1. Which ranges mark the helices (runs of 4 or more DSSP H) fully within region 1-113 that have 2 or more residues being farther than 19 Å from residue 319 by Cβ?
2. Is it the case that residue 215 is open to solvent by 30 Å² or more (accessible area, probe 1.4 Å) and either assigned by TED's automatic domain parsing to the domain that holds residue 75 or not polar (S, T, N, Q) (or both)?
3. Identify the single condition in (1) at pLDDT 95 or above; (2) in contact with a Gly (Cβ under 8 Å, 6 or more places away or on another chain) that residue 14 does not satisfy, given that it satisfies every other one.
4. Limited to region 37-47, what total is found for residues that are open to solvent by less than 70 Å² (accessible area, probe 1.4 Å), more than 8 Å from the ligand (Cβ to nearest atom) and touching a helix residue (DSSP H, G or I) at 6+ places or on another chain (Cβ under 8 Å)?
5. From 100, 105, 83, which residue is on the phi < 0 side of the Ramachandran plot, within 15 Å of the ligand (Cβ to nearest atom) and surrounded by fewer than 18 Cβ atoms within 10 Å (Cβ to Cβ)?
6. Can you report the number of residues in region 89-131 which are in contact with a Phe, Trp or Tyr (Cβ under 8 Å, 6 or more places away or on another chain) and aliphatic (A, V, I, L, M)?
7. Which condition does residue 123 not pass, out of (1) open to solvent by less than 20 Å² (accessible area, probe 1.4 Å); (2) touching a residue at least 60 places away in the same chain (Cβ under 8 Å); (3) assigned to a helix (DSSP H, G or I), if it passes all the others?
8. Quick one: how many residues across region 246-303 are touching a Gly at 6+ places or on another chain (Cβ under 7 Å) and part of a loop (DSSP other than H, G, I, E, B)?
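The values are calculated or read from the model by the stated rules, or taken from the named source; none is laboratory data. All values derive from a computational prediction rather than experimental measurement. We place every Cβ from the backbone using ideal geometry, glycine too, and count neighbours over all the protein chains shown. Protein only, heavy atoms only, side chains kept; ligands, DNA and RNA dropped before computing areas. Shrake-Rupley method; radii C 1.70, N 1.55, O 1.52, S 1.80 Å.
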Amino acid sequence: MAKIPVGVLGATGMVGQQYLALLANHPWFEVRYAAASPRSAGKTYRDAAAGRWNAGAGLPQDSVWDLVVKDANDISQAVKAREEGTCAFVFSALEMGKDEIRQLEETYAAAGFPVISNASAHRWTADVPMLIAEVNPGHTDIIPLQQKARRWDRGFIVVKPNCSIQSYTTPVYALIAAGYDVKRIIVSTLQAVSGAGYPGPASLDMLDNVVPYIGGEEEKSEAEPLKILGSIQGNAIVNAERPAVSAHCNRVPVTDGHTACVSLEFGAEKPSLDEVKRIWGDFRALPQELKLPMAPERPIIVREEENRPQPRKDRDADKGMAVSVGRVRPCKVFDLRFVGLSHNTIRGAAGGGILNAELLKHQGYIS
Ligand code: NAP
């Protein structure tokens, strides 16, 4: 099967690099188009990324180094690439003003490109699905309505949620899917510096320190799970009414991997700790059933050691796509406490975006 040629907008950034590394040997998709800011445009990817490659040991396919980076704001370049057969859809990993990203992503969709975005700009657009492929794959049903409302023929926009919420949203969803009502959650996140993009916070702010504030992050951590757990009603995705989430978000001196310390309250029926661990250990969803290439075999890995999960030891579990949970224990105020951990630039960004694209290909939205 010929691979589908894809473009990465923001290819030089922290998340863009992760896309290139994860797509290097992808069975379905091949990166043939790279775009970034006017600062990088016109340079080869090798020169544009020189000195700031940050995707760990992963590297792009060899041909990417010689691609000439285009200006992501110049849509005519992407249209030309599509005509030349080198860009069928785009992953958006841009970091610019929210309004600029919103407009630019819409311009790509209007020009006929499926846009799979990591940016927050469209997360609250009512007819744009915010996908975690294991949790709400059916929200893609809204795509035809989105296209119809905007008179887009082939183009559309789907987004990924914020990078920190997968460490608790997937485990919480697994409990809900098993029939337990989750009423309230208090979560404290410990978020890696790579979550802020490159070069990230100043080293003098981060070394020997914890910063108890990440702009806008607590609001996202509290609200986004409700859209993901919501349902399509008419032309919109309507939020679930609960769980209510209260979040404290902290930046910590860790390179990759967001940790979440969670206390959770159930409704009338409360599972035992063993039942919770069984539900998480057994949890499988559509991406696993379909054996999508980027899907982890076990979306949730339960660690029994008293001191796990830890970012350095657990963030790369199952290609960086699994959520590791541990310290599952009773809560004296609510019902259950646990610690969740996921890789922010893989599960929480590029890997999650690729999994969404695989799901969309399976569903026939990308070809
Ligand atoms: P980043 O490292 O700062 O990279 C930003 C990218 O956007 C670069 O390729 C940059 O190109 C490009 N860019 C900047 N200004 C531009 C402009 N005016 N026009 C066109 N392109 C422009 O950011 P990141 O961490 O990769 O994040 C990318 C997106 O993913 C953001 O929306 C972020 O919120 C989201 N996200 C990040 C994470 C994470 O863990 N880091 C997780 C989930 C979601 P140049 O290199 O040419 O400047």
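1. Answer list for region 1-113: 45-48, 75-83, 98-110.
2. yes
3. Every listed condition holds for residue 14 apart from (1).
4. Qualifying residue count for the region: 2.
5. Checking each option against the conditions leaves just 100.
6. Residues in region 89-131 being in contact with a Phe, Trp or Tyr (Cβ under 8 Å, 6 or more places away or on another chain) and aliphatic (A, V, I, L, M): 6 in total.
7. (3)
8. Looking only at that region, the number is 2.
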